[in-house]
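Engineer: Can you read through this structure? Questions will come right after.
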Amino acid sequence: MCYRDTASQISHLSLCLFHHRYSPVDGLLTVSDDGLYCPAGDFHIDPHRPVQRAVVTHAHGDHAARGSEHYLTSAEGEGVLRHRMLDGASIQTLSYGETLDINGVTVSLHPAGHIRGSAQVRLEHGGEVWVVTGDYKVAADRTCTPFELVECDVFITECTFGLPIYRWPDPADVFEKINRWWKKNQEEGKTSVLFGYSLGKAQRLIAGVDPSIGPIYCHGAVQKMNAVYREDGVDLPPTTYVSDENALDDWSEALVVAPSSAGGSRWMQRFDPVSTGFASGWMRIRGNKRRRSLDRGFVLSDHLDWPNLNAVIDGTGAETIYVTHGNNDSFARWLNEEKGLDARELPLRSQYDG
Ligand SMILES: [Zn+2]
Ligand SMILES: [Zn+2]
């Protein structure tokens, strides 16, 4: 065995020891079978199973499980969360920045800029401040309140795109590309079908394209969320639900917005001939477009990219960082070794909504 092998084994071993010794998180928050838990306040944050009291960062499925006794969410997020929950769910709300005392823990919610109503959770107890980001982004999005930097001692951050390859173009340029693609498809007699997550991304897309180019049609899952956004006062251009009653002989003038799960389904056949596009941070990787048999990939994410992720972590002033929702191991190592922070992996269940 050569020297280099031994050295890498030792460093791997010490990393394992390091992680086993310190994970999972404990202190003001810990990880229970149901997810992130605050023992002092006796509540969970984004539990993946029903609990007594759930503080919910946002209404995406991997953060907002149904069936809990009581929910706390941002006032801006009430509409979307109610839509996702069972009828009659007990939902209490806080305006951004408003505080609530839960068993001696001071809780407040701060804009995360990810989707409508998304919030970071700030906890203050015993002179310590912890912040849990949920999903977040700093890029412009007029469908939700912009991200706010919150200083803290301990920062629990998602790192969905925590690798240096993930750098986002200016969203304005991405929308220009989408508009050009739509016009080109019209000239070629093809329907433009644009895929994006039905809650959040789809509404951001609809709010960002140029509606003077042609009519916008939506898959049912998207149109339902559009209605919730409009009820909340978000100004979206007119959209029409794709149904048999609204069927067109020729769809080539239209932009159709749909969740990616609709790709390749029978629902799609009516639009032939089509050009398909997908708006996601994952489109930064060329192979992802090819693997999904898409004609176009638009790099537009509701998470932050590598430079912004690092800038936010620096900006919080936190010395202890827990990372989750991504390439946790490599990102924690980067923060430890390159930034001299006390960074650890947080094992939480997650899904990547891009
Ligand atoms: Zn999300
Ligand atoms: Zn998520």
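Where a number appears in this text, it was derived from the coordinates with a stated rule and is not lab data. Keep in mind it's a predicted model, so treat the numbers as computed, not measured. Don't worry about glycine lacking a Cβ; one is built from the backbone with ideal geometry, like all the others, and counts go over all protein chains shown.
Engineer: Amide H neighbours of Tyr322 under 5 Å, at least 5 residues apart or on other chains, H built in the peptide plane: list them.
Structural biologist: Under 5 Å from the amide H of Tyr322: Phe155, Ile156, Thr157, Arg344.
Engineer: If Lys and Arg each add +1 and Asp and Glu each add -1, what is the summed charge of the other residues whose beta carbon sits under 14 Å from the beta carbon of Ala207?
Structural biologist: Charge balance in the 14 Å sphere: 0.
Engineer: Which shape class applies to the chain: rounded if a/c is under 1.5, otherwise prolate when a/b exceeds b/c and oblate if not, where a ≥ b ≥ c are the square roots of the Cα gyration tensor eigenvalues?
Structural biologist: Here the chain falls in the oblate category.
Engineer: Could you please rank Lys137, Lys289, placing first whichever residue has the fewest other Cβ atoms within 10 Å of its Cβ?
Structural biologist: So the ranking, lowest neighbour count to highest, is Lys289, Lys137.
Engineer: Would you mind finding the longest exposed-site-free stretch of the chain, with exposed GluC sites (Glu not before Pro) meaning DSSP loop and at most 13 other Cβ atoms within 10 Å?
Structural biologist: My reading of the result: 152-244 is the longest stretch.
Engineer: For the residues Arg49, Arg66, what sequence is obtained by ranking on other C-beta atoms within 10 Å, fewest first?
Structural biologist: Arg66, Arg49
Engineer: In degrees, nearest 10, range 0 to 90: what is the angle between the Cα axis of helix 3-22 and the longest Cα principal axis of the chain?
Structural biologist: 90 degrees
Engineer: Mind listing the phi-derived Karplus ³J(HN,Hα) values for region 69-81, rounded to whole Hz, using 6.51, -1.76 and 1.60 with θ = phi - 60°, and x for any glycine or proline?
Structural biologist: Per-residue couplings from phi come out as 5, 9, 10, 10, 8, 6, 4, 5, x, 4, x, 5, 5 Hz.
Engineer: Could you please state, rounded to a whole Å, how far the C-alpha centre of region 48-107 is from the C-alpha centre of region 153-209?
Structural biologist: Region 48-107 and region 153-209 have Cα centres separated by 28 Å.
Engineer: Compute the Cα gyration tensor for region 123-214, then decide on rounded, prolate or oblate, letting a ≥ b ≥ c be the square roots of its eigenvalues: rounded whenever a/c is under 1.5, prolate when a/b is larger than b/c in the other cases, and oblate in all that remain.
Structural biologist: prolate
Engineer: How high is the relative contact order of the chain, in percent, with contacts defined as C-alpha pairs under 8 Å that are six or more residues apart?
Structural biologist: Reported as a whole number, the value is 16 percent.
Engineer: Lys and Arg at +1, Asp and Glu at -1: add these up for the other residues within a Cβ distance under 10 Å of Ala64 and post the number.
Structural biologist: The answer is 0.
Engineer: Okay, next question. Roughly how tilted is helix 220-231, in degrees to the nearest 10 and between 0 and 90, from the longest Cα axis of the chain?
Structural biologist: Between helix and principal axis, roughly 70 degrees.
Engineer: Oh, and also: Angle, helix 171-188 long axis vs. longest principal axis of the chain, Cα atoms, 0 to 90°, nearest 10?
Structural biologist: 30 degrees
Engineer: First check a/c for region 171-298, with a ≥ b ≥ c the square roots of the eigenvalues of its C-alpha gyration tensor; if it is under 1.5, answer rounded, and if not, answer prolate when a/b is larger than b/c or oblate otherwise.
Structural biologist: Rounded, because the longest to shortest axis ratio a/c is under 1.5.
Engineer: Summing +1 for each Lys or Arg and -1 for each Asp or Glu, what net charge is found among the other residues whose Cβ lies under 14 Å from the Cβ of Ala40?
Structural biologist: Residues near Ala40 contribute -4 overall.
Engineer: Same structure again: Among Gln223, Gln186, Gln120, determine the one that fluctuates most according to a GNM of the chain built with springs between C-alpha atoms less than 10 Å apart.
Structural biologist: Evaluated over the chain, the most mobile residue of the options is Gln186.
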